[in-house]
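All remarks here apply to the structure that follows.
The values are calculated or read from the model by the stated rules, or taken from the named source; none is laboratory data. This one's a predicted model, so the numbers in the text were calculated from it and none came from an experiment. Backbone-built Cβ (ideal geometry, glycine too); neighbour counts: all protein chains shown.
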Amino acid sequence: MTESTAARVAVPETITVNGSAEPLAAETIAALLAARNIESGARGIAVALNGRVVPRTAWDRTTIAAGDAVEIVRARPGG
Amino acid sequence: MTTDHKTTDPLVIAGRSFASRLFLGTAGYPNRQVMLDAIAASGTEMVTAAIRRISLAGEEESLVDLIGDRAHFLPNTAGCQTARDAVLTAELAREALGTTWIKLEVIGDRELLYPDVEELLRATETLVAAGFTVLPYCNDDPITCRKLADAGAAAVMPLGAPIGSGLGICNPHMIETICARSAVPVVLDAGIGTASEAALAMELGCAAVLLNTAVSKANDPVRMAAAMRAGVEAGRLASRAGRIARKRHAEPSSPQLGLVGT
C-alpha cells in the first residue's frame, strides 16, 4: 500500500449539506431528511442534489455518495 | 344590475384571474397572527415567499401550513445574484410549493438590491423555456420591460423605488410610459410606502401592486393592509374612469350666470 492510498483510506467520506461538510451517514435522500426529522410528506420542502432538484417521489431511491452536495430548502416568509 | 362602476375588474395573468390587484409579501410582521390578519384585511389572493436553506437549529411552523388555502403562493428568488442561482431557486420553489409561478429577482448588488438586467433576461429565457410563469422584478426601464416581455415574461414588475425604502414611485412618468407600452401586465413592485402611492401606481396604469414592508412594518400592519386594499381599488377605478386634464388656470364648476348681486 502506497502512502497516498493509506491517506485516502484514512479520510472519512463526507458530503456537503447546505454548504457544510458532514460525514456520509445516510444512504438516500429520504434517510438524510429523516435524520433531520423531515418526513416525506412535509410541505414546502425541496431538495437538490449536485445542483439538480430531486423530486419528492424520488427521495426514497436517490442514493448519496461521498463528495455529493445536497441542498435542503423550505418556503419561508419573503417579499 | 351591474356593479361594475363600484368594483375593480378582474386581473388576468397567464390565464389566472384575480379579483384583488394587490399582492402581499409575508416577511417582517410582528408575529404570524398579524401576518394572517393583514393578508385577510388586504384581500390579496397571492402572497410571496422566499426559498431558503432549512435551519439546523430547528424550524418554526411551516409557512405553507400557515397560509393554507388563503392565497396562491408566488415564490421569489430574492437575493440571487446570478441567473444560474435564480434558476435553481425557481426549480426548488416549484418543487416545494407546487407552482410554476416565480417572482424572478436577480440582483446586481446586495446593498442596492438593484436588478442585474443581463442575468435577469438570461434567467427569464431559461425559465420560460422550462415552462415557468415568470414575473421578473426589474428596473423602471421601458426597454428592459419590453425585452422581458419579448422573452416570455407573464408580467413585468418594475420597481417604484429601492426595495424596502418606502420612497414611493420615484419616476412616475417612466412607470406611466412602461404601462402605456407594455404588452403584458405591469405590476409595481417595491418602493411603496403608503396607500396613496399604491393608488398612484394604479392611476399610472399598473395592473397590480406588490408590496410587503409598507404593511409589515407599519405601526398597525392590519390597518395598513386595509388601507392598501382601498388605495389599490381607488387607483384602479380612477384609472378606468379617466382623470381630467391638468390646466394652469382656475375653471369654475358652478354656473357663471345668475350670480346673486349682479
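Taken over region B:68-87, the criterion of being in a helix (DSSP H, G or I) and either under 13 Å from B:A50 (Cα atoms) or under 15 Å from the mean Cα position of the chain (by Cα) (or both) is satisfied by B:A86 alone. Could you please let me know if B:G131 is closer than 30 Å to A:T57 by Cα, surrounded by fewer than 22 Cβ atoms within 10 Å (Cβ to Cβ) and either free of Cβ contacts under 8 Å to residues at least 60 places away in the same chain or within 14 Å of chain A (Cβ to nearest Cβ) (or both)? When the stated conditions are applied, B:G131 passes them. Counting the residues of region B:54-81 that are facing another protein chain (nearest Cβ under 8 Å) and hydroxyl-bearing (S, T, Y) gives 1. Tell me yes or no: at least one residue of region A:56-72 is in contact with a Leu (Cβ under 9 Å, 6 or more places away or on another chain), among the basic types (K, R) and within 12 Å of chain B (Cβ to nearest Cβ). No.
Would you mind stating whether B:S182 is among the hydroxyl-bearing types (S, T, Y), within 17 Å of the chain's Cα centre (by Cα) and within 14 Å of chain A (Cβ to nearest Cβ)?
Working: among the hydroxyl-bearing types (S, T, Y): yes; within 17 Å of the chain's Cα centre (by Cα): yes; within 14 Å of chain A (Cβ to nearest Cβ): no.
No, not satisfied.
Applying the selection to region B:38-53, what residues are buried (at least 22 other Cβ atoms within 10 Å of the Cβ), facing chain A (nearest Cβ under 10 Å) and not small (G, A, S)? Residues satisfying the conditions are B:V47, B:T48, B:I51. For region B:97-126, which residues satisfy the criterion of being crowded, with 19+ Cβ neighbours inside 10 Å and in contact with a Ser or Thr (Cβ under 9 Å, 6 or more places away or on another chain)? Correct list: B:W101, B:I102, B:K103, B:L104, B:E105, B:V106, B:P115, B:D116, B:E119, B:L120, B:L121, B:A123. Does region B:48-64 include one or more residues that are touching an Asp or Glu at 6+ places or on another chain (Cβ under 9 Å) and assigned to a helix (DSSP H, G or I)? Checking region B:48-64: not a single residue is touching an Asp or Glu at 6+ places or on another chain (Cβ under 9 Å) and assigned to a helix (DSSP H, G or I). Condition test on A:A75, is it surrounded by 13 or more Cβ atoms within 10 Å (Cβ to Cβ), within 11 Å of another protein chain (Cβ to nearest Cβ) and farther than 20 Å from B:I51 by Cα? No. Those helices (runs of 4 or more DSSP H) of region B:95-197 in which at least 2 residues are of a type in the set (G, A, S) and at pLDDT 95 or above, considering only elements entirely within it, cover B:117-129. Selection of region B:198-236 for residues being in contact with a Ser or Thr (Cβ under 9 Å, 6 or more places away or on another chain), part of a loop (DSSP other than H, G, I, E, B) and within 15 Å of B:T26 (Cα to Cα) yields B:N212, B:A218.
Taking the numbered list (1) in contact (Cβ under 8 Å) with a residue 12 or more places away in the chain; (2) more than 15 Å from the chain's Cα centre (by Cα) in turn, B:G98 passes all entries but (1).
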